[in-house]
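A.B. asks: Sharing a structure with you now.
The values are calculated or read from the model by the stated rules, or taken from the named source; none is laboratory data. Keep in mind that this is a model prediction, so the values were computed, not measured. Counting neighbours? That spans all protein chains shown, and the Cβs are built from the backbone with ideal geometry, glycine included. Ligands, DNA and RNA are stripped out before the accessible areas are found, and what is left, the full protein with its side chains, is counted by its heavy atoms. Shrake-Rupley method; radii C 1.70, N 1.55, O 1.52, S 1.80 Å.
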Amino acid sequence: MIQTDRDAENGRDREKEQRGVKRPIMPPAVSEPLQEQIQANFIVVIHPGSRTLRIGRATDTQPISVPHVIARRHKQPGQPRNEDQCFLREGLNSADSTDQRQNGLKMVDQAIWSKKMSNGVRRTPVSAEQARLYNRQIRPAVLDPDSKVKWTNTTHQPEYLIGEEALYLNPTDCYSIHWPISRGRLNIHSGLGGSLTAVLLHLENIWSHTIHKLLEIPLKDLKYYRCILLIPDIYNRQHVKEVVNMLLIKMGFSAVVVHQESVCATFGSGLSSACVVDVGDQKTSVCCVEDGVSHRNSRLCLAYGGSDVTRCFFWLMQRAGFPYRECQLNNRLDCVLLQQLKESFCHLDQDISGLKDHEFRTRFPDCPVLLYQLRLGDEKLQAPMALFYPAAFGIVGQKMTSLQHRSQGDAEDPHDEHFLLTTQSKQDQSSKGIADRKSFPKAAGFEGESTSDPSEKGTLVQDMELGHNAGECLITGADADETPSALMSRKSAMSHFEGKALGMDKAILHSIDCCSSDESKRKMYSCILVVGGGLLFHGAQEFLQHRILNKMPPSFRCLVENVDVITRPKDMDARVIAWKGGAVLACLDTTQELWIHQQEWQRFGVRMLRERAAFVW
């Protein structure tokens, strides 16, 4: 009886296939693991950043933050030393870089002087020369002949060093320094340690070391743990696939959920809808999230962030006679100091005016502790304002704005959107061809009559098979009726847009404008959520709110009751909001449908991301 039922079922499947009904590509989810009670303390949330890794159990109140850097010992004596730079980047050494920076600073100054202070008084002009005359006379005072800061001990010659140990590595030691993520993507380059294999190994070593040493989870026990991985809103599909493979196969997690930073930020702040502005160390991403869904068309990624502000602040301090004259951007400990100075001194409060005296200490290994006096004026305001006038960064010839593009396809996922578009196009064209033959009288090339040119028949058949503009649909998502000239015009406009360096306020306005309805736009203007560590300046909330109010379309000013800019939701540190959202996500019932289990990944690979991701893969 059982055999008869099975034969009947197989017969029905064969009939469906003959009728053209496709069998399911993906089997149902593995039921057994999903029935287990998932415990949040067995879920690790990983938020990898360009400068900082934030990682912890979903039950932790705060993540562990570790510098996302690794130092790897040279395999051969005399091997050339390599160090990925923190603040130096391509596009700064161009002949036009200085001119662009000067023009950008002029725009910043014009914006500063055009706005009165809150008491109605105009700002008092302060020239850099006034500060320079004072700072050039400054000599440091020795506070302590021994800084008590030591270089990392490498006498036992470890294969690699992680985080703070890598930062405080003596430059004379035979190690190379690598930052595996740059501007939100895997830091793949042509230099030493820049291959995809090497970068993935760096990530595996950093994450495994942190889990074992700081979370105190034995690596052999990861088979009992699950992982939530936060990825940028605009992501590289190949990179995400490789990192998921590393987590499940190399590190051995039992299951993984992949989710976007912007959506997690709304979860972490307790908001249902918001325009999320994530200002990181090397990138700024803007995205509109509505009811837990990221609007694909609203995503922008700007190739600048907090480190660019730090570098700009250093240039401005140098112009004002910065008394620590040995400071260099290619020295990683000097970069740490400059980061601290930016966080301590910079602001976006236009009521703060005039020269002010500051002091700071340098505390380096094998050096005395030195105290410096420093007099600064508008430099503390000019540097953060470069986020709104990015020409002041002086970056020339670099792609500064990225949008979400269509998938280029993956050989491991044959039934992706390319397959669906192609088959849809074939069906549409076949239907159209049949309708044309029925509606038109007999003519050359139809009903058995030959055409005058055999190549025309071939062209007709090819069009019927592939569909008009099928290629454009796959690449750009163009409408089928779009003419080639219109398509080229749109491609040119997009290319020009991506080449521009948008200020943060203009990027926010553009992102909101890409929402599909006026109601969605109204929601986004009413709630702008700023997360990340790149805009933690005094007065940032009021400054950004004022700029959005002044530049938003007049048609929305009467619809939006209040432009609310949130920089510290629930009084939490803006740098951990997205991680916190990942921890919240781990506890939701709806998340249980999103887990990609190790056995499923081994069998189906990247297809599982298309099936299980909470966003359109």
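A.B. asks: So how many residues does the range 169-228 have that are in a loop (DSSP other than H, G, I, E, B), more than 28 Å from Gly532 (Cβ to Cβ) and in contact with a His (Cβ under 6 Å, 6 or more places away or on another chain)?
C.D. replies: Of the residues in that region, 1 qualify.
Quick grid of which residues meet (1) assigned to a strand (DSSP E or B); (2) closer than 28 Å to Tyr389 by Cβ:
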position: Lys241; (1), (2): no, no
position: Gly252; (1), (2): no, no
position: Val257; (1), (2): yes, no
position: Val263; (1), (2): no, no
position: Phe267; (1), (2): no, no
position: Asp278; (1), (2): yes, yes
position: Cys287; (1), (2): yes, yes
position: Asp308; (1), (2): no, yes
position: Arg311; (1), (2): no, yes
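A.B. asks: Can you find, within the range 117-147, the residue that is farthest from Ala320 (Cα to Cα) among those that are free of Cβ contacts under 8 Å to residues at least 12 places away in the same chain and open to solvent by 100 Å² or more (accessible area, probe 1.4 Å)?
C.D. replies: Within the range 117-147, the match that is farthest from Ala320 (Cα to Cα) is Arg122.
A.B. asks: Scan the range 569-578 and give yes if some residue there is open to solvent by 20 Å² or more (accessible area, probe 1.4 Å) and farther than 26 Å from Gln282 by Cβ, otherwise no. Reasoning before the result, please.
C.D. replies: Of the residues in the range 569-578, the ones open to solvent by 20 Å² or more (accessible area, probe 1.4 Å) are 570-573, 575.
Those left that are additionally farther than 26 Å from Gln282 by Cβ: 570-571.
Checked the range 569-578: at least one residue is open to solvent by 20 Å² or more (accessible area, probe 1.4 Å) and farther than 26 Å from Gln282 by Cβ.
A.B. asks: If the requirement is being crowded, with 18+ Cβ neighbours inside 10 Å, of a type in the set (Asp, Glu), touching a residue at least 24 places away in the same chain (Cβ under 8 Å) and closer than 26 Å to Gly268 by Cβ, which of these qualifies: Asp564, Asp505? Step through it out loud before you land on a result.
C.D. replies: Numbers: Asp564 fails: crowded, with 18+ Cβ neighbours inside 10 Å.
Answer to the selection: Asp505.
A.B. asks: What do you reckon, is Phe322 assigned to a loop (DSSP other than H, G, I, E, B) and aromatic (Phe, Trp, Tyr)?
C.D. replies: Details: assigned to a loop (DSSP other than H, G, I, E, B): yes; aromatic (Phe, Trp, Tyr): yes.
Yes.
A.B. asks: Only one residue in Gly321, Gly305, Gly252 is touching a residue at least 40 places away in the same chain (Cβ under 8 Å), surrounded by fewer than 19 Cβ atoms within 10 Å (Cβ to Cβ) and of a type in the set (Gly, Ala, Ser). Which one? Spell out how you get there, then give the answer.
C.D. replies: Numbers: Gly321 fails: surrounded by fewer than 19 Cβ atoms within 10 Å (Cβ to Cβ); Gly305 fails: surrounded by fewer than 19 Cβ atoms within 10 Å (Cβ to Cβ).
Among Gly321, Gly305, Gly252, only Gly252 is touching a residue at least 40 places away in the same chain (Cβ under 8 Å), surrounded by fewer than 19 Cβ atoms within 10 Å (Cβ to Cβ) and of a type in the set (Gly, Ala, Ser).
A.B. asks: Scan the range 315-341 for residues that are among the acidic types (Asp, Glu) and over 30 Å from the mean Cα position of the chain (by Cα) and jot them down. Explain how you work it out, then say what you get.
C.D. replies: Our first condition is that a residue be among the acidic types (Asp, Glu); within the range 315-341, this holds for 326, 334.
Glu326 - this is the single residue of the range 315-341 that is among the acidic types (Asp, Glu) and over 30 Å from the mean Cα position of the chain (by Cα).
A.B. asks: Quick one: count up the residues across the range 337-367 that are closer than 29 Å to Asn153 by Cβ, surrounded by 16 or more Cβ atoms within 10 Å (Cβ to Cβ) and hydrophobic (A, V, I, L, M, F, W, C).
C.D. replies: Of the residues in the range 337-367, 5 are closer than 29 Å to Asn153 by Cβ, surrounded by 16 or more Cβ atoms within 10 Å (Cβ to Cβ) and hydrophobic (A, V, I, L, M, F, W, C).
A.B. asks: Does Lys551 qualify as being at pLDDT below 95 and under 24 Å from Met400 (Cα atoms)? Talk me through it step by step, then tell me what you get.
C.D. replies: Numbers: at pLDDT below 95: yes; under 24 Å from Met400 (Cα atoms): yes.
When the stated conditions are applied, Lys551 passes them.
A.B. asks: Let me ask something else about it. Which one of these is farther than 22 Å from His347 by Cα and in contact with a Cys (Cβ under 9 Å, 6 or more places away or on another chain): Ile55, Ile46, Ile70, Ile64?
C.D. replies: Values: Ile55 fails: in contact with a Cys (Cβ under 9 Å, 6 or more places away or on another chain); Ile70 fails: in contact with a Cys (Cβ under 9 Å, 6 or more places away or on another chain); Ile64 fails: in contact with a Cys (Cβ under 9 Å, 6 or more places away or on another chain).
Answer to the selection: Ile46.
A.B. asks: Is one or more of the residues making up the range 335-349 modelled with pLDDT under 95 and among the hydrophobic types (A, V, I, L, M, F, W, C)?
C.D. replies: There is no residue in the range 335-349 that is modelled with pLDDT under 95 and among the hydrophobic types (A, V, I, L, M, F, W, C).
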